[in-house]
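So the structure is just underneath, and the comments pick up after that.
Quick note: the coordinates plus some simple rules give every number you see, no bench work behind them. Since the structure is predicted, the reported quantities are computational estimates derived from the model, not experimental observations. Every residue, glycine as well, gets a Cβ built from its backbone with ideal geometry; the counts of neighbours run over all protein chains shown.
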Amino acid sequence: MRPLWGRVALGAGAAATAVLFTVSGTPLLLHHAAALTLPTSAAPVVSPTDVDPDALRVRVLSSRPDTVTGGTALVRVEPPPTVEPHEVRLAADGADVTDALRPVLLPEGGHVLEGLVTDLPEGGSALVATLTEGAAPAPGTPTEARVVVTNHPASGPVFAGPHQDPFVCQTGEFTLAWGGDLGDPSDDDCSVETVVGYVYRTTDGRFAPLPEGGSLPADVARTTTSTGEEVPYTVRVETGTANRSVYETAVLHDPRDPAPDPWTAPEGWNRRLVYKFGGGCPGGWFVQGARTAGVVDHGMLSQGYAVASASLNVFGHNCDDLLAAETMSAVKQRFILSLGVPDHTLGWGSSGGAYQSHQISDNYPGLLDGIVVSQSYPDVGFATVPAVSDALLLRTYAEAHPDALTREEQRAVSGFGTWEGIGAMADAAARIDPRGVCPSALPTEERYHPEDNPDGARCDVFSHARNVYGTDPETGQPRLPLDNVGVQYGLSALLDGAIDADQFLHLNEHVGGFDRDGGVVAERTVGDPTAIRAAHDSGRLLHGGGGLADVPIVDHRPHQDHAPDGDIHMRYHSFSTRERLLAANGTADNHVMLVEAHRGGVFSADQPVAGRALTELDAWVTSAAELARDDPRGAPAEHLRGSRPEWLTDSCWIGDERVVAPQLPLPEGGGDRCADAFPTYGSPRIVAGGPLSSDVVKCRLTDFDEVAHPAEFDEDQAERAREVFADGVCDWSEPGEGQRPPQGPWQSF
């Protein structure tokens, strides 16, 4: 691997001349150029595909120019090849900021200027690079370059829309990695001063606070990183707030060495950042959160990875992928301003963390370069919610009609692996109930009640995303995209002979739907057309054809479909994601499934399968980037296909044996070893004939036709069916109502 940090000597070709740099108008004469050293760039090697080598250029390295937060940006100015760095000036919002720049040496060769430009005004302003009068660019080369930046408050919002209100600060409950708490916030946006502390790994395998002073304890362990550096196992942890979220970053750093900055990074950092996303969902609203997904991670830090996370990237605190993306963007900026741009950023998350990894990759490309997900779903609103809400309808039906279906018949209608799964999934439907799971930190008097407090805080997943779905002008309440009109519950069970026609019709007569407050009612649920269109247009329903098409995805599945008490983390969700990738891109070669038995702590970077998946993903992303540099006009899909490590192949582990085979959505007894060990089941919508992709919010309806219907009905049953499905039945062969690709990446609300 190329040397990335430290001080890099210039080549012998510069030996005969002195080099004169002028920064902020002050000449800096560097004699003896053969021994001249410069800090390397704060950014990794980049592909030159869109760079005119003769042009003056100014770029923001720490973020997109339109998503700067907190008034500070890491900026690079690239002079034309015939212009010396001292012949360049930089202005920000009309003020000269050349003194913020320093000459640096690019890892791929060449000199540029980089620096932290501070005190940017909120809103739009221009960074303008110009050449001095004496500069001699090539004929026709522009002598000015500019980029418009948009700076947002450190507390946001940036692109996720207006802040949620109420919002409970929890910095005083946040425990620092080295002990103590973060303290009370300084303002209504839950802000605190950034603090830095150290922990270390002891020789007996524990993390402990690093004592202050100039020496290290005798029991400090040492570790060898993925790049071969052997360093003391001491960890710098930075904690602060960004976007109203508490964030943490951690990286190996010896406190006896110089303090890190974008040009002086720790020796032990391998130049990769792992961003950890936490799970959950119900209760994930109206609070800041008092923990992150955990950055003091031995399996990652011991290899030299930097680790970052934030409280609003734990779905148990914030069940909104849009706000999660905004938070990750803000926190990644903080990391870059402290340590420089990572070579690449890898996402890591299970369950609710998988939601975030998928949707951030797809809708906000550039934030993540590859992801490892576990217990995954494509998205929360349209993969998970229909499954759990349908389960609640089935459980309610069974309770109201105890003699209608046996337990095995209920299971067949549900599609789940066990009857107990119906209850587990139904309990999870609390996420659509505005009074279902409110966080304990949210005062009772601020919570929604239909009579006592109709304008109170609604604790449900769709209300939490009202910035996207909008509100109903008649009620002032959030628009809801949930819909089950025309769904033929139990259709496959009927066709398989698990239930008969009368049971099928009785179920569909009485299964019902939901009112605006998540209560079960007799009528089917009619989704709001505006909300349904917004679900597709905004990417709240994971499409898969955006940024997700261009990043490697490792889907780690600890199998839980046979959990004794039922579990919502069903295997078919992995296939739903793959189906969406295939539909959007014509290929899913960037998607790998790894399946093993579930056990506590199985998704950890120090475990054999998940940990290996992280290092192999790192190799995949690195190799794909190298191919892109060598073949800048090639398609990303081809680069991913050509660089995938051999180990990253669809596989399952049966005991200690690895079975390398394409993973197929087969039931037990399907004739496949992996399927027999780890079978795939479905959901009520899939049993009703819906697609494995689970990407139809509202189905297109067609009139019930007993002649064309795949089941046989007698005359009375056919008449009854026409009444039950008076609005029509789902035509799953057609796209859903309003189903279309998102309107584009990096949307603002």
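As a test of the formula, what do you get for the chain when each DSSP H run with n ≥ 4 contributes -39,500 (n - 2.57) and the sum is divided by the residue count, at 222 nm and rounded to the nearest 500 deg cm²/dmol? Numbers along the way, then the final one.
Details: 17 runs with 165 residues, N = 749.
Per the formula, -6500 deg cm²/dmol.
Label-to-label distance for residue 208 and residue 509 is 7.2 nm, based on points extended 7 Å past Cα in the beta-carbon direction.
Helix hunt in the chain: which complete DSSP H runs extend at least 24 Å axially by C-alpha with mean Kyte-Doolittle at least 0.0? Present the calculation step by step, with values, prior to reporting the outcome.
Working: long enough: 321-339 (26 Å, 0.67); 608-630 (33 Å, 0.11).
Flagged H segments are 321-339, 608-630.
With R₀ fixed at 22 Å, the C-beta to C-beta distance from residue 195 to residue 215 puts the FRET efficiency at about 0.50.
Direction-averaged shadow area of the convex hull around the Cα atoms of segment 230-329, nm²?
Reported value for the Cα convex hull: 6.5 nm².
The 3J(HN,Hα) values that the Karplus relation (6.51, -1.76, 1.60; θ = phi - 60°) gives for segment 107-124 are, in residue order, x, 8, x, x, 10, 9, 10, 9, x, 8, 8, 10, 6, 5, x, 5, x, x Hz. Gly and Pro appear as x.
Which order do the peptides 566-572, 275-281 take when ranked by the mean count of other beta-carbon atoms within 10 Å per residue, highest first?
On the way: 566-572: 23.6, 275-281: 25.1.
In descending order of packing, they fall as 275-281, 566-572.
Less than 5 angstrom separates the built amide H of residue 181 from those of 176, all sequence-distant by 5 or more or on a different chain. Sorted from longest to shortest, the spans of the Cα atoms of segment 165-244 along the three principal axes equal 48, 27, 22 Å.
Taking amide hydrogens as placed 1.01 Å from N in the peptide plane, the amide H of residue 246 sits under 5 Å from those of 311, 312, each at least 5 positions away in sequence or on another chain. Taking a point 7 Å out from the Cα of residue 715 in the direction of its Cβ, none of the residues of segment 491-530 has a backbone N less than 12 Å from it. The distance from the alpha carbon centre of segment 109-142 to that of segment 158-181 is 37 Å, rounded to a whole number. Applying the criteria of a DSSP loop state and at most 14 other Cβ atoms within 10 Å to the GluC sites (Glu not before Pro) of segment 87-135 yields 108, 122, 133.
Given the Cα-Cα distance of residue 706 and residue 175 and 0.36 nm per residue of separation, how much length would full extension add, in nm?
On the way: separation 531, 0.36 × 531 = 191.16 nm, distance 6.33 nm.
Computed gain between residue 706 and residue 175 is 184.8 nm.
In terms of its Cα atoms, the chain spans 99, 59, 54 Å along the principal axes, sorted from long to short.
Shape of segment 478-564 from its Cα gyration tensor (a ≥ b ≥ c, root eigenvalues): rounded if a/c is under 1.5, otherwise prolate when a/b > b/c, or oblate?
Working: a/c = 2.34, a/b = 1.29, b/c = 1.81.
It is oblate, given that a/c is not under 1.5 and a/b is not larger than b/c.
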